[in-house]
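Reviewing the structure listed below.
The values are calculated or read from the model by the stated rules, or taken from the named source; none is laboratory data. For clarity, every value in this text was computed on a predicted model and none was experimentally measured. Here the Cβ positions follow ideal geometry from the backbone for every residue, glycine too, while neighbour counts run over all protein chains shown.
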Amino acid sequence: MISEAVPDAAVTGQVRCPTCGAVQAWCDTCHRCRCDLTLLRQVAGTASASRRQCLRELQGGRVPEALRHARRLYALSPDRPAARLLAVCHLLLGSWAAAARMAEIAEFRR
């Protein structure tokens, strides 16, 4: 799962190699096993951009657009913060069942 390998800071800080589990500063190759991490970096950057865009859309009152970005974020990184953001979007749109489902998922994710 991407969320285990990628911090919320996306391409800054540290990353855990999905192949060998080594924790290291972001770079294109794992220092331990030489696994190529460029695709992981791209996914992390896209997830981070989706999160930022979702928050901008929410701030601007454009909830349907925010929901689209929240769904993309959750597809790329199905972690607790993404589930919470998706739940908020559903709640603001009046999709009570979907909001409750995502809130429940967020409770059990780490």
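Which of the residues that make up segment 22-40 are crowded, with 17+ Cβ neighbours inside 10 Å and either small (Gly, Ala, Ser) or in a helix (DSSP H, G or I) (or both)? 40 - this is the single residue of segment 22-40 that is crowded, with 17+ Cβ neighbours inside 10 Å and either small (Gly, Ala, Ser) or in a helix (DSSP H, G or I) (or both).
Restricting attention to segment 49-90, the residues being closer than 15 Å to residue 106 by Cα and among the basic types (Lys, Arg) number 3.
Once segment 61-95 is narrowed to residues that are in a loop (DSSP other than H, G, I, E, B) and either closer than 14 Å to residue 43 by Cα or among the charged types (D, E, K, R) (or both), the residue that is modelled with the highest pLDDT is 62.
Please work out if residue 68 is over 14 Å from residue 49 (Cα atoms) and charged (D, E, K, R). Against the criterion (over 14 Å from residue 49 (Cα atoms) and charged (D, E, K, R)), residue 68 does not qualify.
Yes or no, residue by residue, for (1) surrounded by 15 or more Cβ atoms within 10 Å (Cβ to Cβ); (2) on the phi > 0 side of the Ramachandran plot; (3) of a type outside the set (Lys, Arg); (4) out of contact with any Lys or Arg (no Cβ under 8 Å at 6 or more places or on another chain):
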residue	(1), (2), (3), (4)
42	no, no, yes, yes
45	no, no, yes, yes
49	yes, no, yes, yes
67	yes, no, yes, yes
73	yes, no, yes, no
79	yes, no, yes, no
82	yes, no, yes, no
85	yes, no, yes, no
96	no, no, yes, yes
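None of 45, 61 is closer than 22 Å to residue 26 by Cβ and either in contact with a helix residue (DSSP H, G or I) (Cβ under 9 Å, 6 or more places away or on another chain) or not β-branched (Val, Ile, Thr) (or both) except 45.
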